[in-house]
1. Can you tell me how the range 194-263 classifies by the Cα gyration tensor, rounded, prolate or oblate, using a/c under 1.5 as the rounded cut?
2. Answer with a single label: of (1) 1.14; (2) 0.99; (3) 0.95, which was calculated as Rg/Rh (Cα atoms, Kirkwood Rh) from the structure in view?
3. Based on DSSP H runs of at least 4 residues, each adding -39500 (n - 2.57), what is the mean residue ellipticity at 222 nm of the chain after dividing by all its residues, to the nearest 500 deg cm²/dmol?
4. First check a/c for the range 97-140, with a ≥ b ≥ c the square roots of the eigenvalues of its C-alpha gyration tensor; if it is under 1.5, answer rounded, and if not, answer prolate when a/b is larger than b/c or oblate otherwise.
5. What helices does the chain hold that run 30 Å or longer along their axis, going by alpha-carbon atoms, with a Kyte-Doolittle average of -0.5 or more, using DSSP H for the helix calls?
6. With a 1.4 Å probe and every protein chain kept in, tell me what percent of the accessible surface of the chain is carbon plus sulfur.
7. Could you check the simple spin-label distance between LEU13 and ARG263, using points 7 Å along Cα→Cβ, in nm with one decimal?
8. Among GLY211, LEU42, PRO146, flag the residue with its Cα farthest along the positive direction of the charge dipole of the chain, charges on Cβ as +1 for Lys/Arg and -1 for Asp/Glu.
Amino acid sequence: MPARPAPPPTLPLRRVLVVSRPALWVNTVGTLITGTWLSGHLYSLHPGLLALLAYLTLPFNLLIYGLNDLSDREEDARSSRKGGWQGARLAPHEAAPLLRVTAWLNLPALAALALLLPPAATGVLLLSAALFVAYSLPPLRLKARPFLDGLSNVAYALPLALPALVLGETVPTLPLLALMAYSVGKHAFDAAQDIPADQQAGTHTVATRLGAGGTARYALAWFVLAAALLCPVSRLTAGALLLTCGGMSLALALRPGPAQAARLYPLSIVTPWIVGAVAGVQLVYLLARGLWP
């Protein structure tokens, strides 16, 4: 009797969670919740929004970071910050099962959401997903195309528009543009610490092109633009963004180098939490005063 073929290898759930970087889920889930707040329907139980909220946790973050880790195995092997909460260091045998689980979690979910959401919301969600795929995978692999690498990170901002599109409200244009600018600046800043690993792997990024000092100034310009766009909506939130992100960019500009960028990276990680907390205090105030629907 012929032997049955061995089942394809799988990844344990714990490993899948590590690859999806739960510490960074705030970048997707928090953006959707903020967009729901800005739409004027903070307490909405719309099934489309609830489905989006679920999708933007593990599945979408696995799409973002799983594909990134797959394509960056050579760079990650040289990066001291990989192998933990800042990103997985994948073994060769993990590549195929990770690609399968990413497809299993994302393709059916995107198909179901396309049936559930209005066409405009579906288009924005698919555009965001496509930009993340193009960032990591060939033939485009935007990560290795200086300046396009950061500009493609506007994909992080697009979920902010989804609640308004789902609920038939006006898209919050200024916050959306501000978040896009912030995303471009943050990508550049975070890439500065990886300059040596990327150079050794032959990967050309905005940071390898500009150097640590130039990257700091480039990121600062985007953060200033983000704060300026946000100022008409909330001066306090704009100030928090400028203080945290602008401050860390200046600190890198004054002492440029990958080591300094690595020391500042934990602050970069928590900037969404800090700015979000400031915005949240204002929301609580407005709710307490009955000034928010």
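1. Working: a/c = 3.25, a/b = 2.23, b/c = 1.46.
Verdict is prolate for the range 194-263.
2. The value matching this structure is (2).
3. Using -39500 (n - 2.57) per qualifying helix, the result is -20500 deg cm²/dmol.
4. Working: a/c = 4.02, a/b = 1.34, b/c = 3.01.
Oblate, since a/c reaches 1.5 and b/c is not below a/b.
5. Details: long enough: 95-116 (31 Å, 1.56); 258-288 (45 Å, 1.22).
Membrane-span-like by this criterion, though nothing is claimed about a membrane: 95-116, 258-288.
6. On the way: 9560 of 13550 Å².
Carbon and sulfur atoms account for 71 percent of the accessible area of the chain.
7. 4.1 nm
8. Of the listed residues, the answer is GLY211.
The values are calculated or read from the model by the stated rules, or taken from the named source; none is laboratory data. Only a predicted model underlies this, so the values are computations on that prediction, with no experimental measurement involved. Because the Cβ atoms are built from the backbone with ideal geometry, glycine has one as well, and the counts that use them run over all protein chains shown. To get the accessible areas, we keep the full protein, side chains included, count just its heavy atoms, and leave off ligands, DNA and RNA. Shrake-Rupley method; radii C 1.70, N 1.55, O 1.52, S 1.80 Å.
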